[in-house]
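Undergrad: The structure under discussion is supplied below as C-alpha cells; questions concerning it will follow.
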Amino acid sequence: EAVLATEDRRFFQHPGIDPLGVARALAVNLWAGRIVQGGSTITQQLAKNLFLEPDRTLRRKVQEAMLAVWLELQFDKRQILDLYLNRVYFGAGAYGVGAAAARYFGKLPADLDLAESAMLAGLLKAPSRWAPTGNLAGAQARADAVLENMVEAGFIDRAAARAAAQAPARPIAALGETRGVRYFTDWVLEELQQFVGRHGDDLIVRTSLDPGLQAAAERAVRDGVAAASGRRVGQGALIAMRPDGAVLAMVGGTDHARSAYNRATQALRQPGSVFKPFVYLAALEAGYAPDDLVADTPLTIGGWQPENYDGRYRGEITLTEALADSVNAATVNLSETVGRGKVVEMAQRLGISTALQPLPAIALGAAEATLLELTTAYAVFANGGQAVLPYAIAEVRRRDGSLVYERAGSGLGRLVAGEDAAEITAMLRAVVDSGTGRAARLDRPVAGKTGTSSDYRDAWFIGYTAALVAGVWAGNDDGRPMDGVTGGSVPARIWHDFMSRAGS
C-alpha cells in the first residue's frame, strides 16, 4: 500500500499505462516549471528494469509503454507487483523488498511495521540519495511524505500516520549494527563479472563471508580507530581469510556510508617492515638458517644509510632476532648479500603485483602494495607454502538451481618449500613472543609482523594462527603522518581485539 500510494495509485485500474497519471504529471511539471513528477506506472518501471537501458529518450519511452501493455497481457496485477517489488533497487546494494527489509531492519517483509514500510517505499524515487544508512534524516522525512500519500489514498487514517511519524523507522545500521559488509559486497560484485560476465538471469551467489567474523572485524576497526583518533589515526582496514584464501571478513574503512573507497583492496600503501619476511624467506631459500648470524652494523649504499628504529646497532645477531626486533640495518645487510633481485622475485611470487624496483630500500618495504596482497602472501606462510588466490565466491547458481560457477580450488601448487614455510613461521612467532608484535599475543600460538612506513604514514600488523590469517592497516587517506603510531601499537591491538573475538 505504501508503494502503491506513492508510485502508482491507479495500478489496479489502468492497463499498464495511465493517461490520467501522465496528464497529472504534465500539469504538475508545467506548474513547477521543471520535472518534479513522472508519469510512469509500476508496470512501465518493471518493463524498464527488465528489458531496457536507463537512457532518457523518446524511443525508450515508447518501448517502455509497449512492453508495459505486453506485461499486463501476460501476467495478472498481483504477479506484476510481485515482480516489481522483488527486483526494484532500494539502495545500499539491496535489490528487492526481501533484501531491503533484511538490510535495513533485519526482518522479513511480512514483519515490517507501517513506519518501516513507508521508509522503504520512499526510497524508490532516489534510493542512493535517501538510503537511511547514509541519510537517515532524509529517509525519515521521505517516509513522512509517503505516510501522507497513504492517507490521501485511503489506505490509513490520519491517526495511524501521525503515530508512525512520531516513531520513525530506524534501520539497524543507524543503531550501530553491521554497516561495513558493503565493502565485501562491492568486492564480490566486481569479482563476479570475471566469472559470469554480463548475465541476464537472476543469480544466487554463495560467498565465503562469515557474518560473526565480519561483525567482530568491523567492531575492532571502528573501536581501534576511535581510540587512536587523538594520535591522528583517521582510517583503518582489516582482512581475514582462511589459509586457503577464503575471505571471511573484510573491512575497507570505518564507515562505508561516508566513504565507499575500499582501503583493503584498492589502496596502494607503503608496507614498511611487513615486507621484511620476503627478505628472510629469500635468505632461507638461499641456504641460510634461522640461527645463522647477520651483521647489524652501519652501512652506506650509494649515499643512503638505513637507520635502526632505536638508533643502536647490535653487531652480529641471528636472523630470528633481526626479524623479531625488526632491525633495519641487519635486514638490508642480508638483502644485499642474498641479492635484491631475489627479494623482489620472492615478493612477486607470493602475490605482490605492483612494480618492484630492486633498490637498496626495497628490503625495508620501500614499495607499494594492498592489504589484500600482503595478507594473501602471509597465507602462503600459514598453509605451509601452497599458492593462495584470495576468493569470496564459492558458487553461483540461477534461480532455478542450475549451476553457473563453482570454485574448484586454485590448482596453482606449491610456491615455497614446506621446510622454509615452517621456518619463517617460527621466526614470525618470535616477533609476537618477544619482539615488536607483543601486543598481538593470544592464548594460542601466533605468528606475525609489524610494519611502519616513513614518517608514520602507514602502520600494519599481519599475522596468523593455525586457522585464520588477518591483516590490519591504519593511517590516513591523504597520507598525513600519524602521531608516532607504529605497527606494534594500534594495528596490533586491533588485530588482537579481532582475533580474541574470532576465537580461531
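Undergrad: Could you give P(r) for the chain, binned at 20 Å from zero, as whole percent values over all Cα-Cα pairs?
TA: Calculated P(r), rounded to whole percents: 21, 43, 25, 11, 1.
Undergrad: Can you run phi through the Karplus equation (6.51, -1.76, 1.60; θ = phi - 60°) for region 153-163 and list ³J(HN,Hα) in whole Hz, with x for Gly and Pro?
TA: 7, x, 7, 9, 9, 4, 5, 5, 5, 5, 5
Undergrad: Compute the relative contact order of region 194-258 as a whole-number percentage, counting only Cα pairs closer than 8 Å that sit 6 or more residues apart in sequence.
TA: Details: 61 pairs, mean separation 21.8, N = 65.
Computed over region 194-258, the figure is 34 percent.
Undergrad: What number, rounded to the nearest 500 deg cm²/dmol, is the helix-based mean residue ellipticity at 222 nm of the chain, given -39500 (n - 2.57) per DSSP H run of at least four residues and division by all its residues?
TA: -13500 deg cm²/dmol
Undergrad: Take the alpha carbon atoms of region 474-497, find their center, do the same for region 439-460, and report the distance between the two centers in whole angstrom.
TA: So the separation of the two Cα centres works out to 9 Å.
Undergrad: Highest mean first, what order results for 73-82, 478-487 on Cβ atoms within 10 Å?
TA: Sorting 73-82, 478-487 by mean packing, highest first, produces 478-487, 73-82.
Undergrad: Normalised by the number of residues in region 90-247, what is the relative contact order in percent for Cα pairs under 8 Å and 6+ residues apart?
TA: This gives 18 percent for region 90-247.
Undergrad: Another question about this same structure. Cα axis of helix 328-338 to longest principal axis of the chain: angle in degrees, 0 to 90, nearest 10?
TA: Around 80 degrees separate the two axes.
Undergrad: Applying a 10 Å radius around every beta-carbon, put 142-151, 245-254 in order of their mean neighbour count, most first.
TA: 245-254, 142-151
Undergrad: Moving to a separate point now. Working out 0.36 nm times the residue gap between Glu368 and Ala141, then minus their Cα-Cα distance, what length gain in nm do you get to one decimal?
TA: Contour length minus the Cα-Cα distance gives 77.2 nm.
Undergrad: So, one more: Suppose the chain between Tyr405 and Glu190 were pulled fully straight at 0.36 nm per residue; how much longer would it get relative to their current alpha carbon spacing?
TA: 75.9 nm
Undergrad: Rounded to the nearest 0.05, what FRET efficiency do Asp157 and Asp223 give with R0 = 35 Å and r taken as the Cβ-Cβ distance? Could you check?
TA: 0.15
Undergrad: What percentage of all Cα-Cα pairs in region 429-504 are separated by more than 22 Å?
TA: 19 percent
Undergrad: Compute the distance from the alpha-carbon center of region 363-411 to that of region 231-304, in whole Å.
TA: First find each Cα centre; the distance between them is then 17 Å.
Undergrad: Leaving out ligands, DNA and RNA, and with a 1.4 Å probe, what % of the accessible surface on region 365-504 is carbon or sulfur?
TA: Percent of accessible area from carbon and sulfur atoms in region 365-504: 46.
Undergrad: What is the distance, in nm, between label points placed 7 Å from the Cα along the Cα-to-Cβ direction at Ile204 and at Leu58?
TA: 4.6 nm
Undergrad: According to a simple spin-label model (label point 7 Å from Cα along Cα-to-Cβ), what is the distance in nm between Ala355 and Leu50?
TA: The answer from the label model is 5.1 nm.
Undergrad: If you don't mind, there's one more thing I want to ask. Can you count the Lys pairs in the chain with C-alpha separation below 19 Å, eight or more apart or on different chains?
TA: Qualifying lysine pairs in the chain: 6.
Undergrad: Continuing with this model, one more query. Could you give the accessible area per residue of the chain, probe 1.4 Å, as a whole number in Å²?
TA: 45 Å²
Undergrad: Expressed as a whole number of Å, what is the distance separating the alpha-carbon centroids of region 40-104 and region 311-342?
TA: If we compute the Cα centre of each part, the gap is 63 Å.
Undergrad: How charged is the neighbourhood of Ala286? Take every other residue with its Cβ under 11 Å from the Cβ of Ala286, and add Lys/Arg as +1 and Asp/Glu as -1. Mind showing how you got there, number by number?
TA: On the way: positive: Lys342; negative: Glu285, Asp292, Asp420.
With Lys, Arg at +1 and Asp, Glu at -1, the neighbours total -2.
Undergrad: Here is a further query. With each pseudo-label sitting 7 Å past Cα toward Cβ, what's the Glu395-Asp291 distance in nm, one decimal?
TA: Taking the two extended label points, one gets 5.0 nm.
The values are calculated or read from the model by the stated rules, or taken from the named source; none is laboratory data. What you see is a predicted model, and the numbers here were worked out from it, not measured in a lab. Virtual Cβ from ideal backbone geometry, glycine too; neighbours counted across all protein chains shown. SASA here: full protein model, heavy atoms, side chains in, ligands and nucleic acids out. Shrake-Rupley method; radii C 1.70, N 1.55, O 1.52, S 1.80 Å.
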